[in-house]
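No value in this document is a laboratory result; all are computed from the given coordinates. What you see is a predicted model; the values in this text were computed from it and never measured. Cβ placement follows ideal geometry from the backbone for every residue including glycine, while neighbour counts extend to all protein chains displayed.
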Amino acid sequence: MSDSNNASNENKITGGCYCGAIRYESDEPPVEPGICHCRRCQRWTGSAFLAVVGFPLTGFRYTKGSPKLNKYSPIVERGFCPDCGSSLHCRYLVNLGDDDIAENPDHVLVSVGTLDNPEVVEMEYHYGVESQLPWIHFDDDLPRTRSDEDTGLIKALSLAKKGMPKNSTNDWILEKIQSF
């Protein structure tokens, strides 16, 4: 019995915020790890980019504390620690309708920097590359996608545009929606 418990504990991926007030774990393997360069992720993290990895909600749970949730736009919520401010996760509230597994309400996208062992994931793509800062250089051959050419994102935002807050980070999206 203890061998099976140890085996299942070895397969868990764990993490948490900087101050330790919030902890999480997943029994499911990570999916679609990637690097987002979009202005929204830059502003949310206060960094040049955000490395994320998806987990199915069926195996993901917070084990200590709860993140404060911010419905950043009509299509995504973001969770962070209310004590230390660590950016913990984002989750799409609508299905973007494309082939991306993690970009739907059944998955949570966790900030890789909050994983206890971030080396367990290897990045698979770059997203939002239209906003990649010119002094950031990655020596990889990973696929690169512009968020302003993501038809699933544009369609979802066009359906939800009435609820979008008017600010500079949404301006380019609203412009794209009008031409879509």
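Can you order the peptides 27-35, 48-56 by their average number of other Cβ atoms within 10 Å per residue, highest first?
Numbers: 27-35: 18.6, 48-56: 22.0.
Result, highest mean first: 48-56, 27-35.
Taking every C-alpha pair closer than 8 Å and separated by at least 6 residues, the mean separation divided by the residue count of the stretch 2-146 gives a relative contact order of 27 percent.
Could you give the size of the charge dipole of the stretch 2-146 about its Cα centre, using +1 on the Cβ of each K and R and -1 on the Cβ of each D and E, expressed in debye and rounded to the nearest 20?
Details: 13 positive and 21 negative charges, 200 e Å.
Roughly 960 debye, rounded to the nearest 20.
Rounded if a/c is under 1.5, else prolate if a/b is larger than b/c, else oblate: which is the stretch 110-158, with a ≥ b ≥ c the root eigenvalues of its Cα gyration tensor? Since a/c reaches 1.5 but b/c is at least a/b, the shape of the stretch 110-158 is classed as oblate. Counted residue by residue at 0.36 nm each, then reduced by the alpha carbon distance between them, the extension gain from residue 148 to residue 95 reaches 17.4 nm.
Kindly identify the stretch 25-163 as rounded, prolate or oblate by the Cα gyration tensor criterion: order the square roots of the eigenvalues as a ≥ b ≥ c, call it rounded if a/c is under 1.5, otherwise compare a/b with b/c, prolate if a/b is larger, else oblate. Since a/c stays below 1.5, the shape of the stretch 25-163 is classed as rounded.
From the square roots a ≥ b ≥ c of the eigenvalues of the alpha-carbon gyration tensor of the stretch 1-95, which class results: rounded (a/c under 1.5), prolate (a/b over b/c), or oblate? Numbers along the way, then the final one.
Details: a/c = 2.03, a/b = 1.65, b/c = 1.23.
In terms of gyration-tensor shape, prolate.
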